[in-house]
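The next block holds one structure in the form of structure tokens; read it before the comments.
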Amino acid sequence: MAYYVEEMNKWAIRRIESEAPDDVDLLIGHPQWNVPEDGNEIRFSYFLPNSEKGMSIAKTFVIENIGYDFWGMPWERLEHIASLEESLTSVLLDGTILWSRNTEVCKRFTDLQQLARERLQDRSYSMKTALNRLAEAMDTYKVMAFEDNLSHVRKGLCYIADQLSVALAHINGTYFKKGPEMQDLVLDTLPLVPEGYTDAYRRIIHAMTIENCCELAHEMIKKVRVFLTGLCSQMEGDCHSQGSTCDYSDMAAWYEEGTYWFRRLYSYTGRGDAARTLQWGYSLQAELDFAQKAYGLDQMDILDAYDPDNLTALNQRGHKIQEYLHNTLLSHNAKIREYASLKEFLSSGE
């Protein structure tokens, strides 16, 4: 048995030209995901239709126990791939035009290839996509933790490993040419990979129980999460050293509103009300996390200081963070609309 590359490429072109020559823009070939027995010749992978009629010529079939999938990919999905939103970067960047309707659609395709390359080299953009994949891996882990079917858990572990590995590839400005195959060997060549991550990846094949799978998934997620957090902090530091682009007037408005969040914290810690302190402290922490990311601030943690039997430490932490925010705004000459009295406010003309 053999995969009939040349014959099937010709068949695909004939099908397009005879059934929908004006409704298909491109036929794309891809060499990378063949099994070893099929060689490395470029075979048709997908076509890009421009109408429902074009999409309708898709066809799947089996010849000599080998499956063939002549399928249509919408341009919109290819644009998502160019945005690094799917793990199919290779089908775009390693795609070869086997047939085209005109030169304009060829340019549209090559423009998307260039866009994907630029986004991979854009550290800020690729970091966002990496964090999205980390979040997806963490969501999958939440489901795994309550699963009692080994097959489902093992599938979850493999999915998590793939998402995390693609995230690491993106922050290294690259992608996996062969999909999930040989990912560990590629990871060995990348400079930005958490210590011990690839070793953990290789242990997947030996995870034989639900507990093993869940523990390994947790280990891999934690390594990548800590690693990306550190890179984010480093990137923010680089930005600060080059001159911050933070809108401090916007931050001032956020701070002005936020003074009431601190007031709640001081009120309930002063009253010794642990329940309300924790409830409103959680809300304040969410706001501080937002500000830290939005305005490039230092990390501001308050909930680690929570002690239901002694709320003084949390009260003091709140004052320290509020002072840091206030001083940051003043040091950048941001106008804070604050008044010592109602009379002063009313006379200000605001």
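The values are calculated or read from the model by the stated rules, or taken from the named source; none is laboratory data. Quick caveat: nothing in here was measured; it's all calculated off a predicted structure. Positions of Cβ are generated from backbone atoms using ideal geometry, with glycine treated the same way; all protein chains shown enter the neighbour counts. SASA here: full protein model, heavy atoms, side chains in, ligands and nucleic acids out. Shrake-Rupley method; radii C 1.70, N 1.55, O 1.52, S 1.80 Å.
Please determine, by comparing only the residues of the range 261-281 that are more than 16 Å from GLN316 (Cα to Cα) and not hydrophobic (A, V, I, L, M, F, W, C), which one is surrounded by the most Cβ atoms within 10 Å (Cβ to Cβ). Checked the range 261-281; the qualifying residue surrounded by the most Cβ atoms within 10 Å (Cβ to Cβ) is ARG276. With respect to the stated conditions, ARG133 is touching a residue at least 12 places away in the same chain (Cβ under 8 Å), basic (Lys, Arg) and more than 22 Å from GLY95 (Cα to Cα).
Among residues of the range 145-174 that are within 20 Å of GLU118 (Cα to Cα), those with a beta-carbon under 7 Å from a residue that is open to solvent by 60 Å² or more (accessible area, probe 1.4 Å) and part of a loop (DSSP other than H, G, I, E, B) at least six positions away or on a different chain give the pairs ASN172/PRO191.
Residues that are open to solvent by 30 Å² or more (accessible area, probe 1.4 Å) and touching a residue at least 24 places away in the same chain (Cβ under 8 Å) were ranked within the range 197-213; the one that is nearest to the chain's Cα centre (by Cα) is TYR201.
Considering the range 282-303, and only residues there that are open to solvent by 40 Å² or more (accessible area, probe 1.4 Å) and among the hydrophobic types (A, V, I, L, M, F, W, C), the residue that is farthest from the chain's Cα centre (by Cα) turns out to be LEU303.
Kindly establish whether ASN172 is out of contact with any Pro (no Cβ under 8 Å at 6 or more places or on another chain) and of a type outside the set (Ser, Thr, Tyr). Spelling it out, it is not the case that ASN172 is out of contact with any Pro (no Cβ under 8 Å at 6 or more places or on another chain) and of a type outside the set (Ser, Thr, Tyr). Exactly one residue out of LEU187, LEU228, LEU216 is open to solvent by less than 40 Å² (accessible area, probe 1.4 Å) and either free of Cβ contacts under 8 Å to residues at least 24 places away in the same chain or acidic (Asp, Glu) (or both): that is LEU187. Assessment of the range 304-315 against the conditions (farther than 30 Å from ALA137 by Cα, modelled with pLDDT of 90 or more, open to solvent by 40 Å² or more (accessible area, probe 1.4 Å) and assigned to a helix (DSSP H, G or I)) yields at least one matching residue. The conditions of being within 22 Å of the chain's Cα centre (by Cα) and farther than 20 Å from GLY230 by Cβ are met by MET144. Apart from one condition, THR328 fits all of (1) assigned to a helix (DSSP H, G or I); (2) in contact (Cβ under 8 Å) with a residue 12 or more places away in the chain; (3) more than 35 Å from the chain's Cα centre (by Cα); the exception is (3). Does VAL143 satisfy the criteria of being among the hydrophobic types (A, V, I, L, M, F, W, C), open to solvent by less than 80 Å² (accessible area, probe 1.4 Å) and either within 22 Å of CYS214 (Cα to Cα) or in a helix (DSSP H, G or I) (or both)? No, not satisfied. Considering ASN149, ASN132, the condition of being of a type outside the set (Asp, Glu) and loosely packed, with under 13 Cβ neighbours inside 10 Å is satisfied by ASN149 alone.
Just one of (1) closer than 16 Å to GLU7 by Cβ; (2) at pLDDT 95 or above; (3) among the aliphatic types (A, V, I, L, M) fails for ILE66. It is (2).
Take ASP289 and decide whether it is out of contact with any strand residue (DSSP E or B) (no Cβ under 6 Å at 6 or more places or on another chain), modelled with pLDDT under 90 and in a helix (DSSP H, G or I). Judged against the criteria, ASP289 is a match. Applying the criterion of being without any contact (Cβ under 8 Å) to a residue 24 or more places away in the chain and within 31 Å of the chain's Cα centre (by Cα) to the residues of the range 258-281, the residue that is nearest to GLU323 (Cα to Cα) is TRP280.
A search for C-beta distances below 9 Å between a residue of the range 333-350 that is touching a residue at least 40 places away in the same chain (Cβ under 8 Å) and any residue that is surrounded by 11 or more Cβ atoms within 10 Å (Cβ to Cβ) and among the charged types (D, E, K, R), counting only pairs 6+ apart in sequence or on different chains, returns ILE336/GLU256; ARG337/GLU256; GLU338/GLU256.
Of the residues making up the range 167-184, just one is open to solvent by 10 Å² or more (accessible area, probe 1.4 Å) and not in a loop (DSSP other than H, G, I, E, B), namely ASP184.
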